[in-house]
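Take a look at the structure below.
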Amino acid sequence: MKSVFLLFPAALGLLAAPAAAQSRHPFSSRDSVTKQGYTLVFINLDSALAPVTKQRMTDAFFKVYPLEAKRFNPKTRRKVTFFVNPAYTGVAATDNGLVDYNPTWLREHPEDIDVVTHEVMHLVQAYPPDSAPGWLTEGIADYARYVYGVNNQAGNWKLPDYKAGQRYTNSYRITARFLVWLGQHGHPQLVNQLDAAARTRTYSPGIWQQKTGKTLDELWAAYAAQPAVQLTYR
Ligand SMILES: [Zn+2]
């Protein structure tokens, strides 16, 4: 989804910010759930948020975050805050342990529960600034949404068919589909390798060739020539 991965910490990343907004807001709720070592603090400033939506977002968190963490980064943070924030006008954004959600988006797209799956993957990624190109960061987050999503089918969220003119730099679902294809064409570890490199500041454009024997452009050309991929959605 459209989201800003790295906000300036002064914007909304600091936990003090929602706390301050919460205290002066006419409606607010805050609760905290801990399961199997992970804690979700849920702050909601939207009185109209459907309880079922809040519950589904919470359930998605406890289902997908441990799976994403286990595969990519077991040391990811244990405590996460969801902030349903009427002042936030994007879809969702993640920084510093806090995920902002736009309540209007949630109301108008009640099946888009896997916006959670995408956003919390950004927490697992925890890439230092400028350690990976933005298109790859977002492509991996949508790859995780594809693999671990709980409601993509009902949410009508799909990886788009390949079309001439696409590039891996298109980001989000277009890049994610390329990553799925790579996994099905001889490189099942590649997403893990790219993700680990980005987190440890060892990503460079040469990593594609180091890990696969082909440059990124060569891999993309092979994909464009034979883009068929097996896809299943939950
Ligand atoms: Zn994102």
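Remark: spin-label model distance R78-K158 equals 4.2 nm, labels positioned 7 Å along the Cα→Cβ axis.
Is the stretch 24-101 rounded, prolate or oblate when judged by the Cα gyration tensor, a ≥ b ≥ c being the square roots of its eigenvalues, rounded requiring a/c under 1.5 and prolate requiring a/b larger than b/c? Write out the running numbers ahead of the final one.
Working: a/c = 2.06, a/b = 1.73, b/c = 1.19.
Since a/c reaches 1.5 and a/b is larger than b/c, the shape of the stretch 24-101 is classed as prolate.
Bridges between two residues of the stretch 9-125, per DSSP, are antiparallel at a rate of about 50%. Efficiency by 1/(1 + (r/R0)^6): what FRET value for R30 and K63, r their Cβ-Cβ distance, R0 = 22 Å, to the nearest 0.05? Calculated transfer efficiency: 0.50.
Evaluating 6.51 cos²θ - 1.76 cosθ + 1.60 at θ = phi - 60° for every residue in the stretch 99-107, the Karplus couplings come out as 10, 8, 10, 8, x, 5, 4, 5, 5 Hz, glycine and proline recorded as x.
Here the Karplus relation 6.51 cos²θ - 1.76 cosθ + 1.60, evaluated at θ = phi - 60°, turns the backbone of the stretch 121-126 into coupling constants of 4, 4, 5, 5, 4, 6 Hz, with x for every Gly and Pro.
Let me have the 222 nm mean residue ellipticity of the chain computed from DSSP H runs of 4+ only, each contributing -39500 (n - 2.57), with the sum over all residues rounded to the nearest 500. Write out the running numbers ahead of the final one.
On the way: 9 runs with 102 residues, N = 234.
Calculated from helices alone, the mean residue ellipticity at 222 nm is -13500 deg cm²/dmol.
Here the stretch 179-206 is scanned for amide nitrogen atoms under 16 Å from the site 7 Å beyond the Cα of R167 along Cα-to-Cβ, giving 205.
Antiparallel beta bridges, as assigned by DSSP with both residues in the chain, represent about 50 percent of the total such bridges. Along the stretch 54-68 the Karplus relation, 6.51 cos²θ - 1.76 cosθ + 1.60 evaluated at θ = phi - 60°, assigns HN-Hα couplings of 4, 5, 5, 5, 5, 4, 4, 4, 6, 7, 8, 4, x, 5, 5 Hz to successive residues, with x for each Gly and Pro.
Here the stretch 137-167 is scanned for amide nitrogen atoms under 17 Å from the site 7 Å beyond the Cα of A224 along Cα-to-Cβ, giving 161-167.
Among the listed pairs K35/K211; K79/K163; K70/K211; K79/K211; K54/K211, which have their C-alpha atoms separated by more than 29 angstrom in this model? Each step should come with its number before you reach the end.
Details: K35/K211 37 Å; K79/K163 40 Å; K70/K211 22 Å; K79/K211 33 Å; K54/K211 41 Å.
In this structure, K35/K211; K79/K163; K79/K211; K54/K211 lie more than 29 Å apart at Cα.
Between T39 and K79, V80, the built amide H atoms are under 5 Å apart, and every one of these is 5 or more places off in sequence or on another chain.
Read the figures in this text as sums done on the coordinates, not as results from a lab. Model, not experiment: these values are computed from the prediction. Heads up, the Cβs are rebuilt from the backbone with ideal geometry, glycines too, and the neighbour counts pull from every protein chain shown.
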